[in-house]
Amino acid sequence: MNRVPDLSLVRHLSAAAEPYRDPVVRVRWDALSLKDFWLPREALSLCGLAAFDSLDEATQRRLSQYEFLGIIRAGLWFEGLFMARLARRLRRPLPLASHIYLLRELQEEAGHSLMFLTLMDRTGLALPDGYRPLPRSAEWLGQWLPVDGPLFWLAVLIGEDVPDKLNRYLRQQREEAVNPAVRDICLMHMLDEARHLAFARRTIEAALTGLTPASRRWRGWILGRLLTLMAQAMFYPQAVLYEAAGLTPGRHWQALARSNPHRQAFVRRLLGPTVRLLQGYGFKVSLSLP
């Protein structure tokens with residue numbers, strides 16, 4: 001990278017990651033159950049609607065499980081793309097401390113993905129193979145952005161901060177509101193992401209020096225689009241997800257969720273800090289929801 005955070009911070013973050021703690025073995029998998037909610041009712045896309053209240057508890061519970069699967073599928077998409085880009089960057093010279101830290105981050109992101117996949121493997125629940133959480137345009141952009149540039153790390157910041165806000169929300173809920181194994185997954189993810197976010201923020205701050213107002217404007221437009229895509233991927237399920245949860249026709253339930261004012265208020269409240277963080281860097285960013 002042309003500009004990197006202070007190497008003392010990089011060394012501190014690497015030291016904080018020692019020894020490596022495999023998240024897969026730290027989750028209480030024996031507590032994983034299909035008899036529990038995996039998301040609290042308030043965090044479900046249909047909450048606040050009369051149609052949701054009319055569903056029996058078993059259906060609401062099943063919906064919570066599939067919506068959580070949709071969230072981790074978006075996480076798998078982002079982490080897979082990030083790991084691929086990071087691995088390619090590591091083929092070129094880096095300061096030793098930065099190389100060590102980024103390898104640790106790569107190791108931790110792989111652990112998160114394994115944790116998500118283990119959840120699916122142990123429960124037998126999965127989304128259809130063709131389920132694509134983000135459009136191809138987002139993947140193209142992720143492949144194109146220069147890893148040494150500020151826009152790449154701003155995109156990384158969005159991809160890490162959005163799920164982090166949800167993880168922190170879930171950890172604040174009553175223990176009985178969310179399955180213990182799911183709570184563990186959120187905690188393991190949250191602990192590692194605190195370091196990843198610190199690195200991304202310092203990298204961004206080091207790279208933003210000298211940006212012109214014009215360059216901030218077009219970058220702000222892209223960041224707003226990326227934030228919107230990430231929010232929709234995590235919080236507005238596709239029709240096939242509702243059908244996998246037993247709610248048919250899926251398009252009907254998807255339309256209800258997309259027009260649900262309670263859902264929009266929940267997402268805006270959750271991601272308000274992310275919007276303000278990006279605005280604090282001088283970008284005019286807004287969150288567009290259905």
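Laboratory data are not the source of any read-out in this text; all were calculated from the coordinates shown. It should be emphasised that the depicted structure is a prediction, and the values quoted were computed from it without experimental measurement. Note that we place each Cβ from the backbone using ideal geometry, even for glycine, and neighbour counts take in every protein chain shown.
Relative contact order for the chain: what percent, with Cα pairs under 8 Å and sequence separation of 6 or more? Before the final figure, lay out the partial values.
Numbers: 319 pairs, mean separation 86.3, N = 290.
Relative CO of the chain lands at 30 percent.
Of the peptides 267-273, 99-105, the order by per-residue mean of other Cβ atoms within 10 Å, starting with the highest, comes out as 99-105, 267-273. Approximating the spin labels as points 7 Å out from Cα along Cα→Cβ, the E176-to-L94 distance works out to 4.7 nm.
Express in whole angstrom the spacing between the alpha-carbon centres of segment 98-141 and segment 8-47. Each part reduced to its Cα centre gives a spacing of 13 Å. Tell me which DSSP H helices of the chain clear both cut-offs, 24 Å or more of axial length from alpha-carbon atoms and a mean Kyte-Doolittle hydropathy of at least 0.0. Span-like helices in the chain: 96-123, 150-171, 180-207, 213-235. In the calculated pair-distance distribution of the chain, the portion above 29 angstrom amounts to 34 percent of the Cα-Cα pairs.
Where does each of S54, S113 land when they are ranked from fewest to most other beta-carbon atoms within 10 angstrom? Before the final figure, lay out each step's value.
Details: S54 8, S113 18.
Lowest to highest Cβ neighbour count: S54, S113.
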